[in-house]
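A short worksheet on the structure shown next.
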Amino acid sequence: MAWLAISDHKERRFSLRGVGHDRHDSRLYPGDDGFLLARGSLTFETRLSPDGRPQVLLGYSYGWPDQRSLTFQAIPGGGISLVQVQGENIAHAALQHSTPARTDVLRITFSWDAPNAWARLTVERPEEHQIASVMVRDVRPMALQDLRNMLMAQEDHGFASDVVFAALSDQIEPVGPMPSLSPLAAVATPNGYRALGTLKRGDTVYTRGGDIVPVLHRVDRTVPARGSFAPVRLRAPYFGLLEDVIVTPEQRLVIDGSEVEYLFSQEAVLTPARHLINGFAALSESTGPTQQYSQVILPGHEAMMVAGTALESLYIGRLRRKPAHLPATVLRGFDRNSLPEHGRAAFKVLKWFEAIHLARQRAA
């Protein structure tokens, strides 16, 4: 139904009507202190301490009139723990994650459906497309006022300095592959450029190689415009663009040319938009609390032509072979038999330092 709260260290928003694009005309829930949110998702992104020390990332705790708390903590050895206390009931879970050479951002999503005795804790590394989930038993509904106080930094709360943003939804939010292009992005088709958000199954688009391939599905999502979802404006005429395009930091571009062949001995390389932000060719885009994104699924994970440059379509790997995982993703409404299987990217994906070096070479 809506994102109810979005908070970071600069701005905190909470509304019972929803915030951003999914705002409603009237309250979705009563405003009394005792109202329990039986179903929803709490999503936040955080940087972890490089020394691996224990760290409370997000949470709240109250001792009156009864004990109730929710705590997310980074634990030694590389992991995230969740503990919920409601009176005498305690629910807990922990997930291990691989620790890279440098400190990356983690996205943690805790979703619950208390009436159906279901809850899930997911840890994702957006930069590496890594994901791990665990089911959580005995989760109880939480007071909406407690969640509000935590996200608005009121009363007894925890909101660590390493937390990039946190957001509350009243829905079970998907995890895994995410759309990464503005629905207004101009996609090249045999009938001319069309807005991405108007494409549907059966339409065709041009690929980087000049081939025409069918659109198998389009996915759309409204997300907090923060962290790895914060919009980036790719500016024309850089990268061969005919007009500006709004993308997520994780959207990958295909870059070719003599510098690429010299530096990497490759015909072309892939680089995420976040590595290209330099103050003129790619800029962080100012926006409201939420942002709408779309993407299309193509048969072979082809790069499609968008406003004159080649951008990756949605990569879904072999999700169709994982019926237990598929319902947790943005693909949950699709027949898995209609989904393709995607192999690895056709080109080398640049690391952040490689992309910076390439950008400097081009600027010179």
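The values are calculated or read from the model by the stated rules, or taken from the named source; none is laboratory data. Everything numeric in this text was worked out from a predicted model, so none of it was measured. Cβ coordinates were reconstructed from backbone atoms using ideal geometry, including for glycine residues, and neighbour counts include every protein chain displayed. Protein only, heavy atoms only, side chains kept; ligands, DNA and RNA dropped before computing areas. Shrake-Rupley method; radii C 1.70, N 1.55, O 1.52, S 1.80 Å.
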**Message:** If I ask for residues that are open to solvent by less than 50 Å² (accessible area, probe 1.4 Å) and out of contact with any strand residue (DSSP E or B) (no Cβ under 6 Å at 6 or more places or on another chain), which ones from the stretch 236-245 would you list?
**Reply:** ALA236
**Qualifying position, being crowded, with 17+ Cβ neighbours inside 10 Å and either in a loop (DSSP other than H, G, I, E, B) or polar (S, T, N, Q) (or both), among VAL330, VAL260, VAL254, VAL296** = VAL330
**Request:** Return yes when GLY210 is among the small types (Gly, Ala, Ser), surrounded by fewer than 22 Cβ atoms within 10 Å (Cβ to Cβ), more than 30 Å from PHE72 (Cα to Cα) and free of Cβ contacts under 8 Å to residues at least 12 places away in the same chain and no when it is not.
**Result:** yes
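Looking at the stretch 99-115, which of the residues that are modelled with pLDDT of 90 or more and open to solvent by 10 Å² or more (accessible area, probe 1.4 Å) is nearest to the chain's Cα centre (by Cα)? Can you show your working first?
Applying the first criterion (modelled with pLDDT of 90 or more) to the stretch 99-115 yields 106-115.
After this cut, where a residue has to be open to solvent by 10 Å² or more (accessible area, probe 1.4 Å) as well, the list is 107, 113-115.
Working: ARG107: 8, ASP113: 21, ALA114: 24, PRO115: 27 Å.
Going through the qualifying residues, I end up with ARG107.
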**Asked** Within the stretch 6-25, how many residues are surrounded by fewer than 12 Cβ atoms within 10 Å (Cβ to Cβ) and either at pLDDT below 90 or not in a loop (DSSP other than H, G, I, E, B) (or both)?
**Response** 1
**Request:** Evaluate the following for TRP118: is it open to solvent by 10 Å² or more (accessible area, probe 1.4 Å) and among the aromatic types (Phe, Trp, Tyr)?
**Result:** yes
**Request:** Go through the stretch 62-77 and count every residue that is within 23 Å of VAL123 (Cα to Cα) and either buried (at least 17 other Cβ atoms within 10 Å of the Cβ) or in contact with a Cys (Cβ under 7 Å, 6 or more places away or on another chain) (or both).
**Result:** 6
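Scan the stretch 266-293 residue by residue and report those that are of a type in the set (Gly, Ala, Ser), loosely packed, with under 14 Cβ neighbours inside 10 Å and at pLDDT below 90. Working first, answer last.
Keep residues of the stretch 266-293 that are of a type in the set (Gly, Ala, Ser), which gives 268, 273, 279, 281-282, 284, 286, 288.
Filter once more, keeping what is loosely packed, with under 14 Cβ neighbours inside 10 Å: 279, 284, 286, 288.
Once the filter is applied, which keeps residues that are of a type in the set (Gly, Ala, Ser), loosely packed, with under 14 Cβ neighbours inside 10 Å and at pLDDT below 90, the stretch 266-293 yields GLY279, SER286, GLY288.
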**Fill in**
For the stretch 156-182, the count of residues that are part of a loop (DSSP other than H, G, I, E, B) and either among the aliphatic types (A, V, I, L, M) or closer than 17 Å to LEU241 by Cβ (or both) equals 6
